[in-house]
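Let me begin by presenting the structure, written as structure tokens, before commenting on it.
The values are calculated or read from the model by the stated rules, or taken from the named source; none is laboratory data. Just so it is clear, the structure is predicted and the values come from calculations on it, not from any experiment. So basically every Cβ, Gly included, is an ideal-geometry build from the backbone, and we count neighbours across all protein chains shown. With ligands, DNA and RNA removed, areas are computed over all heavy atoms of the protein, side chains included. Shrake-Rupley method; radii C 1.70, N 1.55, O 1.52, S 1.80 Å.
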Amino acid sequence: MASATNLTAWDNSLKQYYQDRPVIDTVYKNHPFLTLVNKNPRFRGKNMPIPVIFGRPQGVSATFSTAQSNASASQLAEFLLTRKKHYGVATIDGETLLASQGNEYAFLEAATTEIDQVAKSVGDALSKALFRTSDMSIGKVNNSSFGVTTLDLVTDADALNFEVNMKIVTSATQSGGSVRSGSLTVGAVNRDATSNQVTTTANLSTGISAIAQNDFIYVEGNYDNGISGLADWLPSSAPTSGDSFFGQDRSSDPTRLAGQRVSASATKEESLIAGLGRAAREGGSPDTIFVSFSDFIALEKELESTVQREVDPNTGAGFRSMEMYAPYGVAKIIPDKDCPTGIAYALQMDTWQLATIGEPVSIIDVDGNRMLRQSSDDGVEVRVGFYGQLACSAPGFNCRIALP
């Protein structure tokens with residue numbers, strides 16, 4: 001005879017507990033760009049075209065016959081967006097389920113904790129990806145010897161991208177190649193260190209025999225498999241002939257199709273002013289500037305401006321910001337831990353959207369079951385996923401700014 005208390009009974013209770021969408025709130029917390037970017041949960045079908053007008057008709061002249069003979073069409077571009085996926089899995093063993101009998105609330109608390117935490121992990125990965133290129137690298141190897149368990153990163157701040165128990169791999173090429181054989185597991189992370197920030201559970205050369213200095217580092221399974229973030233939409237160098245970004249060659253007008261980019265000036269303040277001016281010259285009105293925490297602190301010392309708090313009414317998340325006057329209004333400077341150090345993104349937020357199937361991060365329950373019985377163990381499994389892409393309807397209104 002089948003047990004009266006089974007996963008179906010517990011699943012019904014779990015669904016009821018989750019009726020107020022805490023997964024969404026958990027994911028957005030402490031991720032300003034992910035929180036503030038427009039959400040489009042209707043990205044279904046095969047792909048999503050993003051049309052962009054980057055040139056007007058040029059049949060214009062003080063002489064009518066010349067204007068008539070020089071008539072030309074508007075210049076139209078189209079980014080044909082396709083989705084990317086990212087997953088998180090949480091498992092709860094049978095003993096935990098049995099130990100919860102007679103104490104329903106304790107069971108629900110245990111289950112929701114695991115679901116919240118894996119949702120946070122997916123949200124963390126998504127927030128990082130929003131700032132980076134689709135290759136999904138999270139750091140670069142600085143070691144010259146590898147018979148050790150300490151991994152030294154080229155950029156100290158990249159230690160923020162690592163977590164205990166994370167499985168990592170490396171590649172000699174940032175994109176278009178392959179990962180080296182083997183993997184490593186993160187055993188400890190020191191985010192305040194200026195060297196040897198990550199400790200692995202085995203010697204570097206034991207886990208990845210061919211690991212080398214300047215290798216790019218990836219979470220296992222991520223190589224060349226991410227969404228196209230700000231670093232792709234607004235690349236550091238202007239696209240050249242043959243560039244193909246979502247099927248569009250952007251080299252015919254690199255500023256309108258691949259955004260503005262300015263080099264670092266003498267100070268961070270001057271760099272931001274130059275970037276805001278460049279975007280304004282091209283018709284843009286950036287209203288939000290995202291920077292790393294270290295750059296935000298340095299800017300605060302430079303600007304000595306009044307700091308104010310902004311609370312997003314949809315999430316209740318408070319983000320500390322500074323205001324800077326721009327040619328077309330005021331731009332808020334907001335620190336985001338996932339923004340790389342030395343880069344500021346001056347964005348006109350109404351040109352951006354995170355297009356997804358449903359909510360950005362949600363429990364995968366297409367069969368109606370939020371928990372699945374594990375086939376090779378006595379527990380259950382919960383799956384969380386993301387299906388989507390970052391989209392921009394006017395790249396030329398936005399600017400990537402190098403900071404000194």
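Computed 3J(HN,Hα) for the stretch 144-160, one whole-Hz value per residue from the Karplus formula 6.51 cos²θ - 1.76 cosθ + 1.60 where θ = phi - 60°, is 10, 10, 10, x, 9, 9, 9, 9, 8, 9, 4, 10, 4, 5, 5, 4, 5, glycine and proline marked x. Dimensions of the stretch 108-159 from C-alpha coordinates, computed as largest minus smallest value along each principal axis and given longest first, are 48, 27, 17 Å.
Each label was represented as a point 7 Å from its Cα along the Cα-to-Cβ direction; for Asn225 and Arg44 these points are 2.7 nm apart. Using a probe radius of 1.4 angstrom, the carbon and sulfur fraction of the accessible surface of the stretch 316-404 is 48%. Counted over all Cα-Cα pairs of the chain, pairs farther apart than 28 Å make up 56 percent. Principal-axis analysis of the Cα atoms of the chain puts helix 7-17 at an angle of about 50° to the longest axis. Axis of helix 268-281 versus longest Cα principal axis of the chain: the two differ by about 60°, to the nearest ten degrees. In order along the stretch 81-91, the Karplus-derived 3J(HN,Hα) couplings, from 6.51 cos²θ - 1.76 cosθ + 1.60 at θ = phi - 60°, round to 6, 10, 7, 10, 10, 8, 10, x, 10, 10, 10 Hz, and Gly and Pro are given as x. Between Gly379 and Gly94, Gln374, the built amide H atoms are under 5 Å apart, and every one of these is 5 or more places off in sequence or on another chain.
Computed from the C-beta positions of Val164 and Ser72, the FRET efficiency with R₀ = 51 Å rounds to 0.30.
The angle separating the long axis of helix 104-131 from the principal Cα axis of greatest extent in the chain is about 30 degrees. Backbone amide hydrogens, once placed in the peptide plane, bring Gln75 within less than 5 Å of Phe54, Gly55, Arg56, excluding anything fewer than 5 places away on its chain.
Here the stretch 160-237 was treated as a single set of alpha-carbon atoms; its pair distances binned every 10 Å from 0 give 18, 45, 31, 6 percent. On the basis of the beta-carbon distance and an R0 of 56 Å, Ala238 and Ser376 show a calculated FRET efficiency of 0.60. Helical content alone sets the calculated 222 nm signal of the chain at -7000 deg cm²/dmol, taking -39,500 (n - 2.57) per DSSP H segment of four or more residues and averaging over every residue. Accessible surface computed residue by residue for the chain, with neighbouring protein chains in place and a 1.4 Å probe, gives 48 Å² per residue.
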